[in-house]
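Chemist: Before we start, here is the structure in question, set down as structure tokens.
The values are calculated or read from the model by the stated rules, or taken from the named source; none is laboratory data. The structure displayed is predicted, hence computed values, not measured ones. Every residue, glycine as well, gets a Cβ built from its backbone with ideal geometry; the counts of neighbours run over all protein chains shown. Only protein heavy atoms, including side chains, enter the accessible area calculation; ligands, DNA and RNA are left aside. Shrake-Rupley method; radii C 1.70, N 1.55, O 1.52, S 1.80 Å.
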2 protein chains.
Amino acid sequence: MSLPSLKIALAQINFLVGNIAANVDNIINAASHAREELGAELIVFPELIVTGYPAEDLLFRADFIEEANNAIHYIAENVSDIALVVGFPELAEDGRLYNSAIVLHQGVTLACYRKQALPNYGVFDERRYFTAGNQPCVFEFNGSFIGLTICEDVWQKGIIDAAKQAGAELLLTLNASPFNLGKIHQREAVIYSQVKTAKIPLIYVNQIGGQDELIFDGASFVANDQGEIVYRAEEFKERIGLVEIIDNKPVPGRCVPLYDKTASAYHALVLGIKDYVRKNGFGGAILGLSGGIDSALVLALAVDALGSDKVEAVLMPSRYTQGMSNEDAVLEADALGVKYHTIPIEPAVNAFTGMLAEVFAGTKKDTTEENIQARCRGIILMAMSNKQGKLLLTTGNKSEMSVGYATLYGDMAGGFAPVKDVPKMLVYQLARYRNELSPVIPERVLTRPPSAELAPDQVDEDSLPPYELLDAILERYVEKDQSASEIIAAGFSPEHVARAINLVDRNEYKRRQSPPGIRITSKAFGRDRRYPITCGYRGVKAPKNCMIIE
Amino acid sequence: MSLPSLKIALAQINFLVGNIAANVDNIINAASHAREELGAELIVFPELIVTGYPAEDLLFRADFIEEANNAIHYIAENVSDIALVVGFPELAEDGRLYNSAIVLHQGVTLACYRKQALPNYGVFDERRYFTAGNQPCVFEFNGSFIGLTICEDVWQKGIIDAAKQAGAELLLTLNASPFNLGKIHQREAVIYSQVKTAKIPLIYVNQIGGQDELIFDGASFVANDQGEIVYRAEEFKERIGLVEIIDNKPVPGRCVPLYDKTASAYHALVLGIKDYVRKNGFGGAILGLSGGIDSALVLALAVDALGSDKVEAVLMPSRYTQGMSNEDAVLEADALGVKYHTIPIEPAVNAFTGMLAEVFAGTKKDTTEENIQARCRGIILMAMSNKQGKLLLTTGNKSEMSVGYATLYGDMAGGFAPVKDVPKMLVYQLARYRNELSPVIPERVLTRPPSAELAPDQVDEDSLPPYELLDAILERYVEKDQSASEIIAAGFSPEHVARAINLVDRNEYKRRQSPPGIRITSKAFGRDRRYPITCGYRGVKAPKNCMIIE
């Protein structure tokens, strides 16, 4: 008698939130491919793949939930020669909604598992929508006893053990696990420790694709009962993988090596831009090219995501723009083969200066005049975006977003902010990484002191701590929730800490109106870090009731 | 022997999220007032009053939680002659966080209750932060047995009963219950049915004040054991009320009558503007005055909130602005005693037209040119806001926000959007209501067909269904999550429904970058209705994969 054997496909596929009909087609096509090309007997899809993840408040719509539940019947009726494990929002008879995984085979439901651990932290709001399940689920297929789990389940103690005690010899985990730097290492370490204790092999299938702020990075894998990775799919790519299970042991396959930190950030950003443009139906992207490092990086990312023919750059010099900034911007556009326009902003700035002369009579120049310049650029870029149906990309980085070193409706104007969650020092690393692939950013751009060029001889460090220090302080304050005194105790100067924290505290109102950007850190602004605007909290205490938003 | 008697103060006070030191002062002052002026023996404060509500992700900061817990010790040590019931985020020894109510008397803790029902729907995210308590809490004070509950607890079955079974003869409920139209009636109806069944009197203390999108309306009340309201404090005002309890029965006091729907909306909006300006430290407010109904209403609201000397208006006519629009705008400013400036936008529009002539050569005029006009106005208003430190108010209503009938960075530019959650038909009702108090909006503004005046002879109904129909469709689609077929079945034309729904679906990206506004309906955009931008869901189905965001 031969040992029981089973071929399982891992469907690491890119789905679209809300478009159930398209997702169902995608599921059926993937199942057919897995059966016919790979000889798979069972195919595992990611968490909530029928609706996409996160569908947010679409999950409150009765029509949407009905369509998602009908889709399961449709799939069951239209796939007959392979078993499928599909994630969907299950509407129970009592009206409750579960985050479920259903097993379909030959038109019959073999099992349906309800996710037990519902994450409600960070970017997750699952308790807003779902009721938690409370029992393990094991089904028999071709002689194997297979347990089901969904994402957060395998990060908690006890749920894997319960599946094993219920008879599982092999575990499937359906995931919509969003990327941040180092996340895949964290995932594999968690699975290693959980699986090693429970001594049960595990197949981990993750989504891939960009969805607003989130990137799903794929990197689906298979761990043996010692927790060792014996198969790993690519990061940031669609892939239908296959693993053969013989006698409940996964046969070792190809383990695609992981990117290092900089490379993984770069690929995440490229995928994020590509999917935002594609899934939202834009004809391409445009951006303002200043000659600075941020716009140089965003241009390279956009070209790598969309191709040079889909990207357009606009140079908008003012009286404060140095000659070398324009030269470098032209070099960047040329190096990437991108069409560019040059539109000096002086006529519009002069018009506003004249129009405001009477109401501003007797006042001193301040950031108001700087903001007018930035907003004139915003109008030009938005006009070109509107006229051509191209997405306007903003170029602000996380350091700037943190301290509010940006102009609302000016350089913050745009539909998508690719490097919004990339600290300035990482911007430099990413630029150097890109230049190693092929030189597209002039060396001078990497070495000049950064400047907004909104006033004569202005450089960022006139008003901000040096970026090496600023980024380190921001990581502690914004991402790690450390207090000012903890940060000072770690060796940073009280002046730098006070300056950075005060700016972060006072600029929530700007961030609230910023375009969505790609989350790559463990705490991004947006879904992830949710602060009040009206807020008396100050990380560095000022006298009571002294609360001014600039 | 006389019957046991107890005087309880209801502290319906306005607190500031995040400013623990100021809130503590406020608590101590209120306690002192209640004791000395009212003769109270016990004072009840609202839910989480030490930190303000909602403190959002401040609750993840260890320094903030430590300060809040230290504040309880400080209050206990500094108030000796009255017992206090105070809501705060209790850090338990095991590191868990509870939404708790603590009873302090003479420096001693008499009881500490942990909220059992944690709302995680609508605008609430309490399971993001808190662990749920699991038992009732009853304490004895001056011979009375008093049970504690917090907000959502009394909306659910069983928690009041459990407190009664644990010995409570009187219930206190600490609340941070946000306003929407009709909410106070809903609250009193819920308490009526719950209390009538349990036969226990209840003292309901609510916050008052504006906090970003939320308004807390106060209207604290006391119900007897039949559920009848025997005392009610004002809506939208700070008030330290007093109720005497004799033999566990509340002595009937003054029941302030409730506002009707329009009046309550008006007062909520005034409070919202006042608190946003005050709590964020602005010197006043400015707005663009177009001669249309929306800006006329926002001007009146701003003046009623801040006083006419704190409000400034700007008229920014273009070639498409009709003479009567300017005349009416001037009449409005004069009627309210507001300083205004007139700045025609033509010079800036001409400058941009010239600057873009080359890149736009050969293209047709479209909304791009309309948006440029709106954005020139945005630049002028933001420049004046920046220069003077006054808050720029936007004037867009909910109907416009729903269908995207607004220009990003144009008329949507500003720090606060007072009527963002007010449907157009209610804008008219509010204007008429305000004119009944004193005539400030010319009758012609109330009767002219609404127009954006961005193109010749343009009126809103050229591109939108009539507002009576649009508002009714939007209420069903946005607030009630009805499907297109349900709405059509209710008697609306398929064309109007398709037009309205398509616009709602496609304009999430605009709403995501809009300023915060005041929530007055049961589902506002923002914290309340959370939709993906990248989204294949269409309330009215288009062919598959045909997904364009304009």
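Chemist: Tell me the relative contact order for region B:5-258 as a rounded percent, counting alpha carbon contacts under 8 Å between residues six or more apart.
Modeler: 19
Chemist: Just to be sure I understand the model, the point goes 7 Å from the Cα along the line to the Cβ. What's the resulting A:Thr342 to A:Lys261 distance in nm?
Modeler: 4.0
Chemist: Rounded to the nearest 0.05, what FRET efficiency is calculated for B:Ser80 and B:Glu238 with R0 set to 22 Å and r the Cβ-Cβ distance?
Modeler: Values: r = 24 Å, r/R0 = 1.11.
E between B:Ser80 and B:Glu238, to the nearest 0.05, is 0.35.
Chemist: Could you order the peptides A:253-261, B:434-442 from most to least packed, using the average number of other C-beta atoms within 10 Å per residue?
Modeler: Details: A:253-261: 13.2, B:434-442: 15.8.
The densest-packed peptide leads the list: B:434-442, A:253-261.
Chemist: Using a ≥ b ≥ c from the Cα gyration tensor of region B:409-474 (square roots of the eigenvalues), is it rounded, prolate or oblate, where a/c under 1.5 gives rounded and otherwise the larger of a/b and b/c decides, a/b for prolate?
Modeler: Taking the square roots of the gyration eigenvalues as a ≥ b ≥ c, region B:409-474 is rounded.
Chemist: In addition: Determine the sum of side-chain charges near B:Ala111: Lys and Arg each +1, Asp and Glu each -1, restricted to other residues whose C-beta is under 13 angstrom from that of B:Ala111.
Modeler: Local net charge: -1.
Chemist: Using a ≥ b ≥ c from the Cα gyration tensor of region B:264-511 (square roots of the eigenvalues), is it rounded, prolate or oblate, where a/c under 1.5 gives rounded and otherwise the larger of a/b and b/c decides, a/b for prolate?
Modeler: Numbers: a/c = 1.63, a/b = 1.10, b/c = 1.48.
Verdict is oblate for region B:264-511.
Chemist: Ignoring ligands, DNA and RNA, what accessible area per residue does chain B give at 1.4 Å, in Å²?
Modeler: Numbers: 19260 Å² over 550 residues.
Per residue, chain B has 35 Å² of solvent-accessible surface.
Chemist: Need one value for A:207-213: mean number of C-beta atoms belonging to other chains within 10 Å of its residues' C-beta atoms.
Modeler: On the way: counts 0, 0, 1, 1, 4, 7, 3.
Mean shielding count: 2.
Chemist: Here's something else I'd like to know. Provide a list, ordered by number, of residues in region B:50-69 showing at least 20 Å² less accessible area with every protein chain present than when their chain is taken on its own, using a 1.4 Å probe.
Modeler: Those are B:Glu56, B:Asp57, B:Leu58, B:Phe60, B:Arg61, B:Asp63, B:Glu67, which lose 20 Å² or more relative to the chain on its own.
Chemist: Moving to a separate point now. Roughly speaking, to the nearest percent, how much of region A:264-511's 1.4 Å accessible area is carbon and sulfur? Mind showing how you got there, number by number?
Modeler: Details: 4530 of 8590 Å².
In region A:264-511, the share of accessible area belonging to carbon and sulfur is 53 percent.
Chemist: Relative to the longest principal axis of chain B, what angle (0 to 90°, nearest 10) does the C-alpha long axis of helix B:62-78 take?
Modeler: The helix B:62-78 is inclined about 50 degrees to chain B.
Chemist: Let me have the relative contact order for region A:264-356, percent, based on Cα pairs under 8 Å that are six or more residues apart.
Modeler: About 27 percent, as a whole number.
Chemist: Another question, then. Rounded, prolate or oblate: pick one for region A:5-258, where a ≥ b ≥ c are the square roots of the eigenvalues of its C-alpha gyration tensor, a/c under 1.5 means rounded, and failing that, prolate if a/b is larger than b/c, else oblate.
Modeler: Cα axes put region A:5-258 in the rounded bin.
Chemist: In debye to the nearest 20, how big a dipole does region A:5-258 give about its Cα centre with +1 on each Lys and Arg Cβ and -1 on each Asp and Glu Cβ?
Modeler: Here the size comes out at about 760 debye.
Chemist: Could you tell me the number of lysine pairs in region A:5-258 with C-alpha atoms less than 27 Å from each other, where the two lysines are 8 or more residues apart or belong to different chains?
Modeler: The result is 28.
Chemist: What order, most packed first, do the peptides A:115-128, B:480-493 have when packing is the mean number of other Cβ atoms within 10 Å of each residue? Mind dumping the intermediate values first?
Modeler: Working: A:115-128: 19.4, B:480-493: 16.2.
Result, highest mean first: A:115-128, B:480-493.
Chemist: Continuing with this model, one more query. What spacing in nm lies between the two simple spin-label points modelled at B:Asp94 and A:Arg319, each 7 Å away from Cα in the Cβ direction?
Modeler: 6.8
Chemist: What's the total accessible area buried between chains A and B, using a 1.4 Å probe, rounded to the nearest 100 Å²?
Modeler: 7800
Chemist: How far apart, in nm, are two points set 7 Å out from the Cα along the Cα-to-Cβ line at B:Leu38 and at A:Ile246?
Modeler: With each label placed 7 Å out from Cα toward Cβ, I get 8.0 nm.
Chemist: Among B:147-154, A:89-96, B:5-12, how do they line up from the highest to the lowest mean number of other beta-carbon atoms within 10 Å? Working shown, then result.
Modeler: Numbers: B:147-154: 25.9, A:89-96: 12.6, B:5-12: 24.4.
Most protected by this proxy first, the peptides run B:147-154, B:5-12, A:89-96.
Chemist: Hey, can you list the residues from region A:470-493 whose accessible area shrinks by 40 Å² or more with all protein chains present, relative to the chain by itself (probe 1.4 Å, no ligands or nucleic acids)?
Modeler: A:Asp481
Chemist: Over chain B, what is the relative contact order in whole percent, taking alpha-carbon pairs under 8 Å and six or more residues apart?
Modeler: 11
Chemist: Quick check for you: which residues of region A:115-131 have the amide N under 12 Å from the point 7 Å beyond the Cα of B:Tyr121 toward its beta carbon?
Modeler: Within reach of a label on B:Tyr121, which here means backbone N under 12 Å from a point 7 Å along Cα→Cβ, region A:115-131 contributes A:128-131.
Chemist: Right, here's the next one. Cross-link partners among lysines for A:Lys339, C-alpha distance below 17 Å, same-chain residues fewer than 8 apart left out?
Modeler: Result set, ordered by chain and number: A:Lys310, A:Lys387, A:Lys390.
Chemist: What residues does region B:509-533 have that are buried by at least 50 Å² of accessible area in the full protein assembly compared to the chain on its own, 1.4 angstrom probe?
Modeler: B:Arg512, B:Gln513, B:Arg530, B:Tyr531, B:Pro532, B:Ile533
Chemist: Please work out how much length the chain gains when fully extended from B:Asp309 to B:Arg432, using 0.36 nm per residue of separation minus the C-alpha to C-alpha distance, in nm with one decimal.
Modeler: Contour length minus Cα-Cα distance gives 41.9 nm.
Chemist: How large, in percent, is the carbon and sulfur part of the accessible surface of region A:91-203 at a probe radius of 1.4 Å? Write down the numbers at each step before the final one.
Modeler: Working: 2020 of 4290 Å².
Taking all protein chains in place, region A:91-203 shows 47 percent carbon and sulfur surface.
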